[in-house]
Amino acid sequence: MAATEQTALGPLVGAIDQGTSSSRFLVFNAKTAELLSHHQVEISQQFPKEGWVEQDPKEILNSVYECVEKTCEKMKELNINISNIKAIGVTNQRETTVVWDKTTGEPLYNAIVWLDLRTQSTVERLLKRIPGKNKSFSKFKTGLPLTTYFSAVKLRWLLDNVEEIRKAVNDGRAMFGTVDSWLIWSLTGGKDGGIHCTDVTNASRTMLFNIHSLEWDPELCKFFDIPMEILPKVRSCSEIYGMMKICPSLSSGALTGVPISGCLGDQSAALVGQMCFNDGQAKNTYGTGCFLLCNTGQKSVFSEHGLLTTIAYKLGRDKPVCYALEGSVAIAGAVVRWLRDNLGIAQSSQEVEQLAAEVGTSYGCYFVPAFSGLYAPYWEPSARGIICGLTQFTNKNHIAFAALEAVCFQTREILDAMNEDYGIPLTQLQVDGGMTNNKILMQLQSDILCIPVVKPSMPETTALGAAMAAGAAEGVGVWSLNPGDFTAVTCERFEPQINPEESEYRYARWKKAVVKSMGWETSEAPANGKPK
């Protein structure tokens, strides 16, 4: 590529996309939203006990550095000048909780991942302090029910169970953050002047944040007994937080001094990346879990059907905050990973798709992957995974198909809840995320919802949303968020191909299976730690 062509590319924006199963760094053209280069590193999850899910915060950070470095090397090979990168956005798995020592820069414990269930007894203990054991006691402040999912109970568990963290808090050395805070603090200098901040979307998932006043809530911090001084400063999703600091000897060293100016939790970022800026626009992201968000504009809508009220985005310090209704499913892509890694019925995710394609039916077999209990619309932590309707005819192909179908049925449940709460049924579903490459899944989804499913040809909408927020920030100004400036997005469309009666019959059977998965687990286990 000639130098003249290099400059013709114009300004570029980078995005760090730190998910539950992998980290990525992607570089976009700020004028055309074209993805120019990226690199991905899978990260490991640790399951030290049943229901526990952890990650090493250092591995998360190093995977991000590796992605940034490798992407910069690829860009050099493409003869794209990395000094054209004018800003970097961060998007992340939400709720996952990190506590670190600000004097050494070292994590004080593994990150407790959003899926983790160890806090069930913490939740039960806290519920006893609430009149009527009302799970929704803070719903109108936080939009969230009291459950294992959100950061406050994970942080409470860490303070109760990890002596090193208690000591660091007492010594004034501890910092708490979700993954975005850990990354931004580390990337802007760490113990040498790192910026300790988060954005409104990530803060809204902690259960410590008032989504109306946009401040940490002293009453909730008191209820959970969380010292407010360990919390990060809350900022908008689009402003300069600080500058990148990278070792100059690295290929990515040229990014030193580039502003980190966008930050959104992954589901909010996908809503922005799908351009869902109007009331009633919705998207469903298929990642480790499945997350359906519907933009409700500047008014917060509270659900009567098990959905969460959350912050969609606030794209600038002086810009209004917008809210969303969210349906959260814990296990989507994770069920495919489980079939691959735990059961060994396939070597890859693609093979699971092939197994399902060979039969084209589950043959009456239903799979409820409630590995971490049931999230929306049930919020039933006592549920566990079941496969039912098995006969001697059932084989691994049928189980693979049932697993894909489960993702679609779970989406149908949250879509039904959203239609009830919002009052305006969706006429089509915009989708994104890694699993949307699975054409069988997308067709199944359309069949089970009885509406078209629309997938953009550039599936990296989560990273795109973070890049848009970063590029549009005041002081950067290389990305226009004016709808008239958006380039037309090419999409693939899946239309329903089965009759609604068949769809309803299968959905009714699925609901029967869900009921059978409930009430399985109790937190009172015998002394040897094995469930009753």
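Structure summary
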item: Residue (of L144, L441, Y241) at the positive-pole extreme of the chain, dipole from beta-carbon charges; result: L144
item: Solvent-accessible area, 1.4 Å probe, carbon plus sulfur percent, for the chain; result: 52 percent
item: Ratio Rg/Rh [Cα only; Rh per Kirkwood] for the range 157-292; result: 1.01
item: Helical segments meeting 27 Å axial Cα length and Kyte-Doolittle -0.5 threshold in the chain (DSSP H); result: 396-422
item: Placed amide H near Q18: partners under 5 Å, 5+ positions off or other chain; result: R24, T91, N92, Q93
item: DSSP bridge orientation in the chain - percent antiparallel, rounded to nearest 5; result: 70 percent
item: Dipole moment magnitude, nearest 20 debye, the range 210-292 about Cα centre, only Lys, Arg, Asp, Glu C-beta charged; result: 360 debye
item: Only Lys, Arg (+1) and Asp, Glu (-1) charged, at Cβ; the range 259-379 dipole about Cα centre in debye; result: 400 debye
item: The range 204-224 residues near the modelled R129 label - backbone nitrogen below 14 Å, point 7 Å along Cα→Cβ; result: 208, 218-224
item: Percent antiparallel among DSSP beta bridges (both partners in the range 351-503, rounded to 5); result: 75 percent
item: Simple Cβ-charge dipole of the chain, Lys/Arg +1 and Asp/Glu -1, about Cα centre, in debye nearest 20; result: 900 debye
item: Of (1) 1.01; (2) 0.95; (3) 1.32, the label for Rg/Rh (Cα atoms, Kirkwood Rh) derived from the coordinates; result: (2)
item: Relative contact order (%) - criterion: Cα under 8 Å, at least six apart; region: the chain; result: 14 percent
item: For the range 322-460, accessible area per residue (1.4 Å probe, heavy atoms of protein chains only), Å²; result: 34 Å²
item: Efficiency of FRET from Cβ geometry, Q497 and N62, R₀ 41 Å, rounded to 0.05; result: 0.35
item: Long-range amide H partners of G297 with built H, under 5 Å; result: G280, Y323
item: Pairwise FRET efficiency - N437 versus T391, Cβ, R0 = 45 Å, nearest 0.05; result: 0.90
item: Residue-normalised accessible area of the range 1-142, expressed per residue, 1.4 Å probe, Å²; result: 40 Å²
item: Gap separating the Cα centres of the range 186-259 and the range 299-364, nearest whole Å; result: 26 Å
item: 222 nm mean residue ellipticity, helices alone, for the chain (DSSP H n ≥ 4; -39,500 (n - 2.57); rounded to 500); result: -10000 deg cm²/dmol
item: Under 5 Å, built H, 5+ apart or other chain: amide partners of R384; result: W520
item: Computed over the range 340-401: relative contact order in percent, which uses C-alpha pairs under 8 Å that are six or more apart; result: 40 percent
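The values are calculated or read from the model by the stated rules, or taken from the named source; none is laboratory data. Small disclaimer: the values here were computed from a predicted structure and weren't measured. So basically every Cβ, Gly included, is an ideal-geometry build from the backbone, and we count neighbours across all protein chains shown. Only protein heavy atoms, including side chains, enter the accessible area calculation; ligands, DNA and RNA are left aside. Shrake-Rupley method; radii C 1.70, N 1.55, O 1.52, S 1.80 Å.
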